[in-house]
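Data first, discussion second: the structure below is written as structure tokens.
The values are calculated or read from the model by the stated rules, or taken from the named source; none is laboratory data. What you see is a predicted model, and the numbers here were worked out from it, not measured in a lab. Here Cβ is always computed from backbone atoms with ideal geometry, including for glycine, and neighbour counts include all displayed protein chains. Ligands, DNA and RNA are stripped out before the accessible areas are found, and what is left, the full protein with its side chains, is counted by its heavy atoms. Shrake-Rupley method; radii C 1.70, N 1.55, O 1.52, S 1.80 Å.
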Amino acid sequence: MIRSSLAIALTLALTACGTQPEAPPVAAPAPMEKPMEAPPVASAKTAEQSMSDVIAGSWRTPEFVARDGWRHPAESLAFFGVTPSSKVIEVTPGGGWYSEILAPLLKENGRYIAAIVDESSVESQNAKDYYAKANTALRDKFTAGADQFGAAEFVAFTNATPNFGDDGSADVVLTFRNVHNWMGAPAGAQVMFDGFFKVLKPGGVLGVVEHRANADVPAGDRSGYVSEAQVIGMAQAAGFVLEEKSEINANAADTKDHPNGVWTLPPVSRVPEGDDAAKYQAIGESDRMTLRFRKPTA
């Protein structure tokens, strides 16, 4: 279309020149008028448009889409500064709730890397089976949906000495509702934050969403909640600077005193027999902190 417009413009300009009277022989010939420049090529979709497109994608699992009202993917990813050209590492994506958004968003101009636990590195057979099943399911999801997910990548890490890629290679590292699991692991959660710091570029972003406790939780806590102060402390110990907090994923209705911890609430809904399941459904998903950390540039 642009080339056609340019051709028409050139033809009109040359025709107009041909109909002008000849210049007097004693005068210098008039310079030919500069042809009309073609309009600039339309730019790629804006990040906002691209985000809207992938969130509305038909490939997304219906059960996942039903959680959008609690998880606010567009607002959360915008808060973390994710763009279609970012190199993003998502740590332990689980069933791929965010993978179904991030991989399509990044497939053309960015990179999506799923950081998964190396099942061979865990000791108990139950854990090996769990991670093997989860990793296989996620790989199968990407293979079956290659048209949507593009060249999504994997990096396997160990909880004891996590390595997420080359030092200083990622723009953004994201973790959604994982910190409580790492705090209960033998190596603890601090090694994870140290690993995030190493893999991020100077100026890179660590985005954390986590179930929010009202106060610090003790070692061995099984509620699934963690305090903001605990998360911030580990990130700062790794070298990060807390840049901003958001209440995007807050839920004031969450009393955080449930019989089976955070898993009493949707979507897990592990409600004790005889208890009022409707009460927990009415609360909705957990109250969550949303924190953006920055790796200093110097």
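For this structure, a couple of remarks:
- Prolate/oblate/rounded call for segment 140-183, Cα gyration tensor, a/c under 1.5 rounded: prolate
- Using a probe radius of 1.4 angstrom, the carbon and sulfur fraction of the accessible surface of segment 179-241 is 56%.
- Scaled against the 2.2 N^0.38 Å expected of a compact globular protein of N residues, the Cα radius of gyration of segment 56-174 reads 1.07.
- Take the Cα of LYS128, step 7 Å toward its Cβ, do the same at GLU75, and the gap between the two points is 4.4 nm.
- Accessible area in the full protein assembly, largest first, 1.4 Å probe, for ASP287, ASP275, ASP140: ASP140, ASP275, ASP287
- Linear extension gain, ASP140 paired with ASP221, 0.36 nm per residue minus alpha-carbon span: 25.8 nm
- Put SER227, SER121, SER58 in order of accessible area, highest first, and with a 1.4 Å probe you get SER58, SER121, SER227.
- Fully extending the segment from ASN109 to LEU242 would add 45.1 nm, taking 0.36 nm per residue of separation and subtracting the current Cα-Cα distance.
- In the context of the full protein assembly, LYS128 retains an accessible surface of approximately 60 Å², using a probe radius of 1.4 Å and ignoring ligands and nucleic acids.
- Computed from backbone phi with θ = phi - 60° and the Karplus coefficients 6.51, -1.76 and 1.60, the 3J(HN,Hα) list for segment 96-113 is x, 4, 7, 4, 5, 9, 5, 4, x, 4, 9, 5, 7, 10, x, 9, 10, 10 Hz; x is used for glycine and proline.
- Across all directions, the average flat footprint of the convex hull enclosing the Cα atoms of segment 169-298 is 8.2 nm².
- In this structure TYR280 has an accessible area near 10 Å², from a 1.4 Å probe over the protein heavy atoms.
- Projecting label points 7 angstrom from Cα along Cα→Cβ for VAL268 and VAL65 puts them 2.7 nm apart.
- Distance between segment 56-91 and segment 125-197 - C-alpha centres, whole angstrom: 17 Å
- Calculated P(r) tail over 12 Å for segment 223-283, as whole % of Cα pairs: 73 percent
- TRP263 accessible area, 1.4 Å probe, all protein chains in place, Å² to nearest 10: 70 Å²
- Label-point separation, SER120 to ASP167 (7 Å along Cα→Cβ), nm: 2.6 nm
- Cα-only radius of gyration and Dmax that characterise segment 139-243, units Å: 15.1, 45
- Listed by chain and number, the lysines whose C-alpha is less than 28 Å from the C-alpha of LYS133, apart from same-chain residues fewer than 8 away, are LYS87, LYS107, LYS141.
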